[in-house]
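A.B. asks: Here you go, one structure.
Bear in mind that the values in this text are calculations on the coordinates, not laboratory data. A quick note: this is a predicted structure, and the numbers were derived from the prediction, not measured. Here the Cβ is made from the backbone with ideal geometry for all residues, glycine too, and neighbour counts use every protein chain on show.
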Amino acid sequence: MKKFLVLTYGFTTPTPEVQNAWGAWFAAAGPHLVDPGSPFGRGVELTPSGRTDLTLDSPAPLVGYCILNADSLADAEKLVATMPIIDSVRVYEAHSM
């Protein structure tokens, strides 16, 4: 199995329906879910030219992550396709060092 990092973008105030949808997705991901991750709050972006505050009010903010095991990127994509997506989700294969 390969490991995949899933980054979720877009914020909406959590409602019971959204929380239930996430709970159902975590249950369905079952043994593929290595780390359910955590939601993000405020942050900063540092670049050679300076610093930018990052908030949930930013357009399509990065709001969380999780780590999955899957046989391929296509299999990881199938698992993520049923996730309650707000704006978008990015899936990256994590390579060994």
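A.B. asks: Could you tell me which of 34, 23, 7 has its Cα farthest along the dipole of the chain towards the positive end, charges placed at Cβ (Lys, Arg +1; Asp, Glu -1), taken about the Cα centre?
C.D. replies: Comparing the listed Cα positions along the dipole, 34 ranks first.
A.B. asks: Would you please state the base-10 log of I(q)/I(0) at q = 0.20 1/Å for the chain, with intensities from the Debye formula using one equal scatterer on every alpha carbon?
C.D. replies: -1.02
A.B. asks: Given H placed 1.01 Å from N in the peptide plane, which residues other than close sequence neighbours of residue 40 have an amide H under 5 Å from its amide H?
C.D. replies: 64
A.B. asks: Relative to the Cα centre, what is the charge dipole magnitude of the chain, using +1 at the beta carbon of each Lys and Arg, -1 at the beta carbon of each Asp and Glu, and rounding to the nearest 20 debye?
C.D. replies: Working: 6 positive and 10 negative charges, 30 e Å.
Value, rounded to 20: 140 debye.
A.B. asks: Let me ask you something else. Would you mind putting 28-36, 66-74 in packing order, based on average other-beta-carbon counts within 10 Å, highest first?
C.D. replies: So the peptides 28-36, 66-74, ranked by packing, come out 66-74, 28-36.
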